[in-house]
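Here the structure is laid out as structure tokens; the discussion comes afterwards.
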There are 2 protein chains.
Amino acid sequence: MNLKELAASLGLSPTTVSRALNGYPEVSAATAARVVAAAREHGYVPNSVAKRLATGRAMAIGHVVPQSEHDMINPIFADFIAGAGESYSQAGYNMLISVVPAEEEAASYTALATARSVDGVIVHGPAAQDPRIEWLEDLGLPFIVHGRTAGRQPHSWMDINNRRAFHKATDLLIDLGHRRIALLNGLERMDFAHRRRIGYEDALGAAGITIDPGLMFSADMTEPYGFQTAMQLLKSPEPPSAFLASSLITALGISRAISACGLKLGQDVSVVTHDDALWFLPNQGEVPMFTSTKSSVRAAGKRIAQMLIDQIEGRAEPGVSELWEVEMIQGQSTGPGPFSQNKEHGLEQPHLRAQRFS
Amino acid sequence: MNLKELAASLGLSPTTVSRALNGYPEVSAATAARVVAAAREHGYVPNSVAKRLATGRAMAIGHVVPQSEHDMINPIFADFIAGAGESYSQAGYNMLISVVPAEEEAASYTALATARSVDGVIVHGPAAQDPRIEWLEDLGLPFIVHGRTAGRQPHSWMDINNRRAFHKATDLLIDLGHRRIALLNGLERMDFAHRRRIGYEDALGAAGITIDPGLMFSADMTEPYGFQTAMQLLKSPEPPSAFLASSLITALGISRAISACGLKLGQDVSVVTHDDALWFLPNQGEVPMFTSTKSSVRAAGKRIAQMLIDQIEGRAEPGVSELWEVEMIQGQSTGPGPFSQNKEHGLEQPHLRAQRFS
DNA sequence: CGACGCTTTCAAACCGCTTTGATTACTTCG
DNA sequence: CGAAGTAATCAAAGCGGTTTGAAAGCGTCG
């Protein structure tokens, strides 16, 4: 059943039927109702492809995912997609994902733009200096960056305050009496990891603690990365008394290493981690396992998709940005360090300290 | 630059240009070469929407993801997508993902089919009895199921041998001298979990071990699920000496609980898990952490996408199926149990036993 | 009563590509 | 030399919608 047939069955022209279904005012209320009823009865759904050709709107948002040794398709991406998908389906958009070899990424954006397959794209995992912003600017394709990058042009983005989050996380550990704090960061060519490192270094600097390059690591955020790095550090002559991790996954690895060394998490060694609030790693409960800087990547996906749709539909200007502050969650993974001011802290039960502070 | 303009600039008709670009033989070799060169020079890319309308082929595969309390978008889905995406981009297909409220799932398939937005779909996470097979059969939309279901009609599917995998895993533990083996399964309304449970029960039955419902659990495969369930069991009067887990994520939780109870993984308590070979949880190395039944979900995604494309393009008949056997990986998480025949096993170094057997 | 304005409907053009069914130019053969 | 066959090209008709511009129907007013 297509539009022409539906129109014929109603004794109307395709024009009128089309208008009736799209809610244009030129059609009388009575006819409109009749058309809508008939459409529902026959189970008529307009052919999306024809509609797109006629309107020039793809009603789709693209996500280009380069595949390289450092895989972008990870659980964080999955949660982001889940959030974005909610916004898309509410607004009637489709989500188009292209998994392409890294070297074809630029070509992939060009193809999406010239073939008009999508109305806009979301840029994932921006590097500290990311060429994609310029590509997209040149192509005239609307886009929003999940994160930020140090491009010349102003561009639309949404990010969490990574620098501030890690500054505060580091402060927390320093206040607890920690001085040797290891940083297990993500890949520092990525903007988010770069900013987190600056936050960490700033906090150490402000406290007059010398920055030790031997305590800073940067890698893909896997569990074994956390485990192996922590093992190596804990067995070293001068082990850190605290760890700061960029992902709960890595933090789990660290915690495994702590156990393996016969130490107690939150007593002998403290850990603070960023928590993307991933579905399969809920860090919740009365007193969550990990003290963390928490921000739902799923919520971010939902919001960014909405921002992009607003921009495409002209409800928002390009060049907007949002910066979310993270939530600080007190968990069981932190305790007083070797330079603690008030030693009685150590006797205090962790669950009595449970609280949230932003 | 569209086809008409390109044709005009060459002094040819759109017909000839279209044929030249699509490699039809009716056009002379010389003209064809000239057209291809001009197209490249002008950066001409055919409008995908117009092409789709004209050919009736969407050149897209759909993935409908219902969102419910039991979230389908999880790291396993992400890895699957990564694999499928490879096949799609090689074959020139797009991947369309619809995240919809669970109650709109049926409507979503209908819309995809009638709007001709996709040429086929992949069905994820089939339940033991799944209504979607019938829906899709009725809609006439080509599809392949990742997993299986007990539907009446034969349908195309690709699955791993879940029953056999868990049968063998259970056998392994029994052979090591374990009798009380806890099963931390996924949701048993899902087909894969149902089959795993049967494999587990069959193996116990064959060994003459009474099945204890108090040792069988079914839930979403999160880390805390593993931790809490294992804690509870290990503190019970009759703790199990071994665990069988459906996911490495859950296995990590179990291992955390074992440490928390002051026990040693692979010595005091054994764990075997299924391993989907997720990117951020590599269970590799000379002697991997966990003894596991391993099968890359990413490889499955790649293969299933290929099967579906073959079916759509008429290279394969519908109704085909593939059953993959899993690989058994010997890791550090298993050791002799309380009923071990040869006690000297306990002294053996795990890494000396390292081997693979299928 | 005819001109006018307003609402409602429609025929036809269009979006950019593919494909069918000519048409033309050039060989080949009886 | 004309008929027939073949290769190369093209005009036009789709695909299934939207949208423009015109027309029809109807009540109102001078």
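Would you mind listing the distances between the B:L139 label point and the same position in each other copy? Use 7 Å along Cα-to-C-beta, nm, one decimal, shortest first.
Going from nearest to farthest copy, the values are 2.8 nm.
Once every DSSP H run of n ≥ 4 in the protein assembly as shown is given -39500 (n - 2.57) and the sum is divided by its residues, what mean residue ellipticity at 222 nm do you get, rounded to the nearest 500 deg cm²/dmol?
-12500 deg cm²/dmol
If you place +1 on the Cβ of every Lys and Arg, -1 on the Cβ of every Asp and Glu, and leave all else neutral, what size is the dipole of chain A about its Cα centre, to the nearest 20 Debye? Write down the numbers at each step before the final one.
Details: 31 positive and 38 negative charges, 132 e Å.
Its charge dipole is roughly 640 debye.
So what is the diffusion coefficient of the protein assembly as shown in µm² per second by Stokes-Einstein at 10 °C and 1.306 mPa s, using a Kirkwood Rh over Cα pairs?
On the way: Rh = 28.0 Å.
Approximately 57 µm²/s, per Stokes-Einstein.
Tell me which of B:A182, A:A102, B:S68 sits at the most positive position along the dipole axis of the protein assembly as shown, charges placed on C-beta atoms (Lys, Arg +1; Asp, Glu -1).
With unit charges placed on the Cβ atoms, the residue in question is A:A102.
Taking segment A:94-212, how much of its Cα-Cα pair set, in percent, is spaced more than 16 angstrom apart?
The proportion of pairs with Cα distances above 16 Å equals 65 percent.
Cβ under 11 Å from A:V17's Cβ, A:V17 left aside: what net charge do those residues give with Lys, Arg +1 and Asp, Glu -1?
Local charge sum for A:V17: +2.
If you take each beta carbon of peptide B:277-285 and count the beta carbons of other chains within 10 angstrom, what is the mean?
Working: counts 0, 4, 8, 13, 7, 5, 2, 1, 2.
Per-residue shielding by partner chains comes out at 5.
For B:42-50, what's the mean count of beta carbons from other chains sitting within 10 Å of each residue's beta carbon? Working shown, then result.
Values: counts 0, 2, 1, 9, 2, 7, 11, 15, 6.
For peptide B:42-50, the averaged partner shielding equals 6.
Could you sort A:131-137, B:94-100, A:35-41 so that the peptide with the highest average Cβ count within 10 Å comes first and the rest follow in order?
Final packing ranking: B:94-100, A:131-137, A:35-41.
Pick from B:A50, B:A91, B:A193 the residue whose mean-square fluctuation is largest in a GNM of chain B, springs joining Cα atoms under 10 Å.
Comparing B:A50, B:A91, B:A193 in a Gaussian network model of chain B, the most mobile one is B:A50.
How tilted is helix B:105-114 with respect to the longest principal axis of chain B? Cα atoms for both, answer in degrees (0 to 90, nearest 10).
For helix B:105-114, the angle is close to 20 degrees.
When the dipole is taken about the Cα centre of segment A:1-156, and only Lys, Arg (+1) and Asp, Glu (-1) are charged at their Cβ, what size is it in debye, to the nearest 20?
Magnitude of the dipole: close to 880 debye.
Could you order the peptides A:121-129, A:259-267, B:19-27, A:53-61 from most to least packed, using the average number of other C-beta atoms within 10 Å per residue?
On the way: A:121-129: 20.0, A:259-267: 15.7, B:19-27: 14.0, A:53-61: 17.7.
Order by mean packing, descending: A:121-129, A:53-61, A:259-267, B:19-27.
Given label points at 7 Å from Cα along Cα→Cβ, what nm distances, shortest first, separate B:T31 from the same residue in every other copy?
Spacings between copies for this position, smallest first, are 4.6 nm.
Once you have the Cα-Cα distance between A:A111 and A:S9, take 0.36 nm times their residue separation minus that, and quote the gain in nm to one decimal. Mind dumping the intermediate values first?
Numbers: separation 102, 0.36 × 102 = 36.72 nm, distance 4.04 nm.
My answer for the length gained is 32.7 nm.
Among the listed pairs A:K168/A:K235; A:K235/A:K264; B:K235/B:K264; B:K4/B:K51; A:K264/B:K294, which are separated by more than 20 Å between their Cα atoms?
Details: A:K168/A:K235 28 Å; A:K235/A:K264 15 Å; B:K235/B:K264 15 Å; B:K4/B:K51 14 Å; A:K264/B:K294 32 Å.
Table pairs above 20 Å Cα-Cα are A:K168/A:K235; A:K264/B:K294.
At B:A106, label 7 Å along Cα→Cβ: distances to the other copies, nm, ascending?
The answer, with the shortest distance listed first, is 5.1 nm.
Can you tell me which of A:A29, A:A113, A:A84 moves the most in a GNM of chain A? Springs connect C-alpha atoms under 10 Å apart.
Checking each option, the largest mean-square fluctuation is seen for A:A29.
Could you work out the mean count of beta carbons from other protein chains within 10 Å of each residue's beta carbon in B:60-67?
2
Which one of A:L112, A:L12, A:L172 has the biggest mean-square fluctuation once chain A is modelled by GNM with Cα springs under 10 Å?
For chain A, modelled as a Gaussian network with Cα springs under 10 Å, the answer is A:L12.
None of the figures in this text is laboratory data; all of them are computed from the coordinates on show. All values derive from a computational prediction rather than experimental measurement. Ideal geometry is used to build each Cβ from the backbone, glycine not excepted, and the neighbour counts take in all protein chains shown.
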